[in-house]
Amino acid sequence: MRIELEKATELIREHDNILILTHRNPDGDALGSGYALCRALQSVGKNVVFRYFEKIPKVFIQLEDCCSHAEFEPSFVIAVDCADSKILGDSPEMSYKEKVDLCIDHHPSNTLYAKYTCLDENAAATTEIILMIARELGAEVDSLTATAVYIGLSTDTGCFRYSNTTARTLRMAADMVDAGINAGRLNRILFETKSKSYAALEAMALSTMKKYFAEKCAIMYITLDMYEISGTDETEVHALSALPRQIEGVLVGATIKESEPGRYKVSIRTNPPVNASEICQIFGGGGHKRAAGCEIHGTLEEVTEQLLKAIEPFVKDVEAE
């Protein structure tokens, strides 16, 4: 059932032992949302824990200091920034996977799997919704909470460059600066700093890039061997997904990432008028108009062939806006 923000806030007020979950391979918005909500609820006296049970990108490690930890039996389960229960992280707590009481999300592809869903498709990031809930609750938004919010806002908008950035997004970011964050330092860490291993992986990935359909589509891939040679892992590839779309004239950029033999995760980034989510939905995935993901099984050649077949109708006889 879809509910408004006021109802979501009321439900949270009614419970004290709260477990927060998010999707596998959490990105900046997933982690920012989870930690911001956790810290905000702890500030109003609730028992809260945020779990994701996976290694996270090094740039987000600072978020782990946001919340205190406690052991308790959850009476209310909240999923943040997760459009489908199938992509909730794997963990012992996944017995709660089918018992999500409230989902807070901004993905239009949300399957409404939770008992209640607070969904705002116009929010640039789920952290926008989290901040509004925190304010409704009268929770303290100190510099640590503000850092978590800002990380979510900035990463899901490409440091406020993407078309999903709204006036509300920018005002919220300014409010987080007022709350005490060091925006310059965060931006440098998140968007301008590359590890040596990441730089090596980026060079290898770019060397695989090919263009199709009158250069309206660009595809590159990352294999398990490339992770091993560069000394990286799957947590370091988020930034790579945007590279194919950045080439002049490209409407659809795709990054194919091998997660295990025969299994590939695909990140799609598009320019107007192509809808990335519509492409990924063909393979059971989803996301946003300009950024979406899915999973395809087979050999690298088979996956590429399936992907090209799906993309072709979206770029044939289409020009960039």
Exercise. For residue 72 and residue 214, what is the calculated FRET efficiency with R₀ set at 45 Å and r taken between the beta-carbons, to the nearest 0.05?
Worked result: 0.20
Seminar exercise, completed: For residue 7, the lysines lying under 26 Å Cα to Cα, once residues fewer than eight places off in the same chain are dropped, come out as 46, 86, 97, 99, 115
For this session: Treat each spin label as a single point 7 Å out from the Cα along the C-beta direction, and report the residue 247 to residue 192 distance in nm.
Result: 2.8
Seminar exercise, completed: Stokes-Einstein D for segment 144-214 (25 °C, 0.890 mPa s, Kirkwood Rh from Cα pairs), in µm²/s, comes to 174
Problem set entry | Candidate lysines for bridging to residue 316, where Cα separation is under 20 Å - those fewer than 8 sequence places away on the same chain excluded | 210, 211, 216, 289
Problem set entry | Fully extended contour minus Cα-Cα distance, from residue 320 to residue 177, at 0.36 nm per residue | 47.9 nm
Problem set entry | Student exercise, the chain dipole from Lys, Arg, Asp, Glu Cβ charges, in Debye to nearest 20 | 500
Problem set entry | Environment charge at residue 80 (Cβ cut-off 9 Å; Lys +1, Arg +1, Asp -1, Glu -1) | -3
For this session: Go ahead and estimate [θ] at 222 nm for the chain from helices alone: -39,500 (n - 2.57) per DSSP H run with n ≥ 4, summed, over the residue count, rounded to 500.
Result: -10500 deg cm²/dmol
Problem set entry | Fraction of beta bridges assigned by DSSP in segment 196-315 that are antiparallel (%, nearest 5) | 75
For this session: Provide the gained length on full extension for the span residue 297 to residue 228, in nm with one decimal, where the gain is 0.36 nm per separating residue minus the Cα-Cα distance.
Result: 22.7 nm
Exercise. Using every alpha carbon pair in segment 196-315, what percent of pairs falls into each 5 Å bin from 0 up to the bin containing the largest distance?
Worked result: 2, 13, 25, 26, 20, 11, 4, 0
Problem set entry | DSSP bridge pairs, segment 5-191: antiparallel proportion in percent, nearest 5 | 5
Problem set entry | Net charge, residue 45 excluded, C-beta distance under 12 Å - Lys, Arg +1, Asp, Glu -1 | 0
Seminar exercise, completed: Checking rank on 99-109, 234-244, with mean other Cβ inside 10 Å and highest first, the result is 99-109, 234-244
Exercise. For the chain, what ratio Rg/Rh do Cα atoms give with a Kirkwood hydrodynamic radius?
Worked result: 0.96
For this session: Find the centroid of the Cα atoms in segment 257-321 and in segment 142-204, then give the distance between the two in whole Å.
Result: 26
For this session: Can you check what the net charge comes to around residue 103, using other residues whose Cβ is under 11 Å from the Cβ of residue 103 (Lys, Arg +1; Asp, Glu -1)?
Result: -2
Problem set entry | Highest-fluctuation residue, 40, 83, 179 considered, GNM on the chain with Cα pairs under 10 Å | 179
Exercise. Just going by the charge dipole of the chain, with Lys and Arg at +1 and Asp and Glu at -1 on Cβ, which of 250, 67, 106 is farthest out on the positive end?
Worked result: 250
For this session: Taking the Cα centre of segment 60-182 as origin, sum charge times position over the Cβ atoms of Lys and Arg (+1) and Asp and Glu (-1), and report the length of that vector in debye to the nearest 20.
Result: 400
Exercise. After finding the eigenvalues of the alpha carbon gyration tensor for segment 5-191, what semi-axes result from the square roots of 5 times each, listed largest first in whole Å?
Worked result: 23, 17, 17
Exercise. Where both residues lie in the chain, what percent of DSSP beta bridges are antiparallel, nearest 5?
Worked result: 50
Exercise. What full-extension length gain, to one decimal in nm, is calculated for residue 143 and residue 263 as 0.36 nm per residue of separation minus the Cα-Cα distance?
Worked result: 39.2 nm
Exercise. Any idea how far apart residue 44 and residue 64 come out in nm if each label point goes 7 Å out from Cα toward Cβ?
Worked result: 2.9
Exercise. Which value in nm describes the separation of the simple spin-label points at residue 7 and residue 115, placed 7 Å from the Cα toward the beta carbon?
Worked result: 1.4
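Every number in this text was worked out from the coordinates using simple rules, so none of it is lab data. Just so it is clear, the structure is predicted and the values come from calculations on it, not from any experiment. Note that we place each Cβ from the backbone using ideal geometry, even for glycine, and neighbour counts take in every protein chain shown.
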